[in-house]
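Novice: Pasting in a structure now, in structure tokens, and then I'll have a few things to ask.
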């Protein structure tokens, strides 16, 4: 699998409880632009609508530089492809438990562009600090072990 884009900010701002793999409906020029890694997931989020479909919004896929006047709109909402059971579970989790759907990364699997979608809960400021402290302690422990060897 080739990773095309990763949402690093999501790992800092949210606690990721569960991950899902979803297909995404893209136009031809969007696929070509994705393969050139012209994707930004900075303000991206997903939402389940009344029709039982999941739409991702805020993903910026730059216009294909060799495209013509039929190029795509960079910030248009795009439909995600999941099983109905998964959509139902995600809708219930976002409505009742107050969680958010965040696209974590775009990647290519078997020549198709896929999205890793995370069911997330927002972190408070003190949680972010604890996470950073834990990472620093783990890093120091690894360095000490490597130095000892």
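Novice: As I understand it, the value is the acute angle between the Cα axis of helix 84-96 and the longest principal axis of the Cα atoms of the chain; what does it come to in degrees, rounded to 10?
Specialist: It works out to around 60 degrees.
Novice: How much length, in nm to one decimal, is gained on full extension between residue 16 and residue 138, taken as 0.36 nm per residue of separation minus their Cα-Cα distance? Can you show the working numbers first?
Specialist: Details: separation 122, 0.36 × 122 = 43.92 nm, distance 1.95 nm.
Working it through step by step, the gained length comes to 42.0 nm.
Novice: Still on this structure, please answer the following. Please determine, in degrees from 0 to 90 and to the nearest 10, the orientation of helix 125-148 with respect to the longest principal axis defined by the Cα atoms of the chain, where the helix direction is its Cα long axis.
Specialist: 60 degrees
Novice: Also: What percent do you get for the relative contact order of the chain when only Cα pairs under 8 Å and 6+ apart count?
Specialist: Values: 252 pairs, mean separation 48.1, N = 149.
Relative contact order for the chain comes out at 32 percent.
Novice: Moving on to the next point. Just order 66-72, 18-24, 138-144 by mean Cβ neighbour count inside 10 Å, highest at the front, would you? Walk me through the numbers before you get to the answer.
Specialist: On the way: 66-72: 11.6, 18-24: 16.1, 138-144: 10.0.
Going by the mean number of other Cβ atoms within 10 Å, highest first, we get 18-24, 66-72, 138-144.
Novice: Right, next: How much length would be gained if the chain were fully extended between residue 1 and residue 85, taking 0.36 nm per residue of separation minus their Cα-Cα distance, in nm to one decimal? Each step should come with its number before you reach the end.
Specialist: Values: separation 84, 0.36 × 84 = 30.24 nm, distance 2.55 nm.
Roughly 27.7 nm would be gained on extension.
Novice: Run lengths n ≥ 4 of DSSP H only: what is the helix-derived mean residue ellipticity at 222 nm for the chain, with -39500 (n - 2.57) per run over all residues, to the nearest 500?
Specialist: -11000 deg cm²/dmol
Values in this text are rule-based calculations from the coordinates and carry no lab data. It should be emphasised that the depicted structure is a prediction, and the values quoted were computed from it without experimental measurement. Cβ atoms come from the backbone with ideal geometry, glycine included; neighbour counts cover every protein chain shown.
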